[in-house]
Amino acid sequence: MKIGITCYPSYGGSGIVGAELGLELAKRGHSIHFISYAPPMRLADGATHDLVRFHEVKMLTYPLFEYPPYTLALASMICEAARDYALDLVHMHYAIPHSVSAYLAREMCKCNRYLPFVTTLHGTDITLVGRDPSYLPITRFGIEQSDAVTCISEYLRRATLETFHVSRDIEVIYNFIDSEFYRRQPNDAVRREIAPNGERIILHISTFRPIKRIMDCIEVLARVNRKNASARLVMCGDGPERREAEQLAARLGVEGNVSFVGQQPQLKIREYLSVADLLLLPSESESFGLSALEAMSCEVPVIATRVGGVPEVVDDGGSGRLFEVGDVDGMAEAALELLEDSDKRQRMGSHGRHIAVAKFASEKIIPQYEKLYEKASGSR
């Protein structure tokens with residue numbers, strides 16, 4: 001099939017999943033056309049394939065427009081790509097504004113053909129942005145007009161139905177992992193660089209937004225090191241909370257045990273996961289928890305909050321431990337126990353790897369999207 005894909009070209013989960021999906025589909029022989037204002041992160045990191053094209057959405061800068069009308073420019077580019085490359089359908093990741101742009105493109109193409117579009121809901125497009133009164137009606141419209149709609153967790157499907165009261169079918173298709181890429185491959189040089197004195201390594205990966213509660217990571221480290229001064233925290237990512245987290249680490253006296261490494265490409269993230277002893281994910285909300293899945297695939301136990309779709313990924317007591325939001329004492333105790341018990345870490349890591357491969361491997365998930373595309377493209 002010839003498939004257009006629009007996602008935010010960022011380090012957020014929806015951008016990662018959209019980019020990875022396109023690359024996996026290309027491996028299976030589909031022609032993929034990414035349509036966005038910048039190449040998705042994985043393409044920017046150097047991932048290429050002969051069947052993958054990128055179409056840049058360019059926006060007019062004009063004094064009348066305080067904010068460039070991206071929704072309209074995107075719709076125009078989708079219509080143009082569909083016409084020039086005979087796309088069978090387009091797949092929009094994140095409802096706002098992508099599903100609305102796809103609807104406009106479909107209307108623009110109608111005189112020549114019907115252009116189906118699939119919308120995948122990822123989380124904050126439903127739980128935060130989409131439910132805002134200024135966006136709720138248009139978000140509902142985009143969902144209702146889609147030829148097919150998917151959610152990345154059962155939790156998000158329920159939240160969508162409760163928030164928007166739509167009467168259509170919504171299919172759960174989980175996020176996926178390339179289990180051959182995300183495989184534990186320890187590198188002694190990387191471990192020595194991070195922990196030169198043999199310290200245990202706690203890893204956190206996120207966009208450093210308030211909803212990720214990265215201050216809790218610093219609090220957990222401080223508690224762990226009060227009882228066992230041999231742990232280091234690697235903070236992978238960037239965002240508005242970084243400066244405050246750096247200041248908190250200094251106030252708690254653990255700044256020497258925290259490494260803020262910024263946003264990293266996929267290969268570097270795998271390096272960190274391959275030497276990590278546990279992953280910390282203390283978020284206030286997670287519709288899925290992609291970093292937890294990546295960690296599990298690399299045999300890293302996960303300590304996370306019991307929110308959103310995380311319990312659908314992390315087996316509490318099996319591949320990790322789940323706690324209530326803000327329970328830094330509980331997370332610290334669990335972290336200390338795992339850091340001191342290598343056998344338990346190995347058991348949890350092995351169990352996490354088993355879950356990642358058996359339930360979330362790309363070869364399990366991609367065929368579900370292919371089946372959905374066939375159904376959506378034959379809907380009219």
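For the structure I just gave you, tell me whether S319 is crowded, with 21+ Cβ neighbours inside 10 Å, modelled with pLDDT under 95, out of contact with any strand residue (DSSP E or B) (no Cβ under 6 Å at 6 or more places or on another chain) and not hydrophobic (A, V, I, L, M, F, W, C). So S319 does not fit the description; no. Taken as a whole, the structure places A19 among residues that are modelled with pLDDT of 75 or more, under 19 Å from the mean Cα position of the chain (by Cα) and among the aliphatic types (A, V, I, L, M). Among the candidates I152, I177, the residue that is buried (at least 19 other Cβ atoms within 10 Å of the Cβ) and under 22 Å from K268 (Cα atoms) is uniquely I177. Beta carbons closer than 6 Å, at least 6 apart along the sequence or on distinct chains, pair a first residue in the stretch 223-237 that is closer than 21 Å to S206 by Cα with a second that is polar (S, T, N, Q) and buried (at least 20 other Cβ atoms within 10 Å of the Cβ) for A231/N225; R232/N257; G237/S206.
A single member of R168, R140, R158, R131 is free of Cβ contacts under 8 Å to residues at least 60 places away in the same chain, surrounded by fewer than 16 Cβ atoms within 10 Å (Cβ to Cβ) and within 27 Å of E107 (Cα to Cα), and it is R168. Residues considered: A26, A19. Of these, the only one that is touching a helix residue (DSSP H, G or I) at 6+ places or on another chain (Cβ under 9 Å) and either outside the structural domain of Y135 (by TED's automatic domain parsing) or in contact (Cβ under 8 Å) with a residue 24 or more places away in the chain (or both) is A19.
Among all residues of the stretch 37-54, there is none that is crowded, with 22+ Cβ neighbours inside 10 Å and in contact with a Leu (Cβ under 6 Å, 6 or more places away or on another chain).
Within the stretch 123-156, the residues that satisfy the criterion of being at pLDDT 90 or above and not in a helix (DSSP H, G or I) are S146, D147, A148, V149, T150, C151, I152, S153.
Of the residues in the stretch 78-90, at least one is touching a residue at least 24 places away in the same chain (Cβ under 8 Å), touching a Phe, Trp or Tyr at 6+ places or on another chain (Cβ under 6 Å), part of a strand (DSSP E or B) and closer than 29 Å to S285 by Cα. Where strands (runs of 3 or more DSSP E) sit wholly within the stretch 218-287, those with at least 1 residues that are surrounded by fewer than 18 Cβ atoms within 10 Å (Cβ to Cβ) occupy 258-262. For I126, the conditions (1) in contact with a Gly (Cβ under 7 Å, 6 or more places away or on another chain); (2) within 16 Å of V307 (Cβ to Cβ) all hold with the exception of (1).
The values are calculated or read from the model by the stated rules, or taken from the named source; none is laboratory data. Computed from a prediction, not measured in an experiment: that's the story for all the values here. Cβ coordinates were reconstructed from backbone atoms using ideal geometry, including for glycine residues, and neighbour counts include every protein chain displayed.
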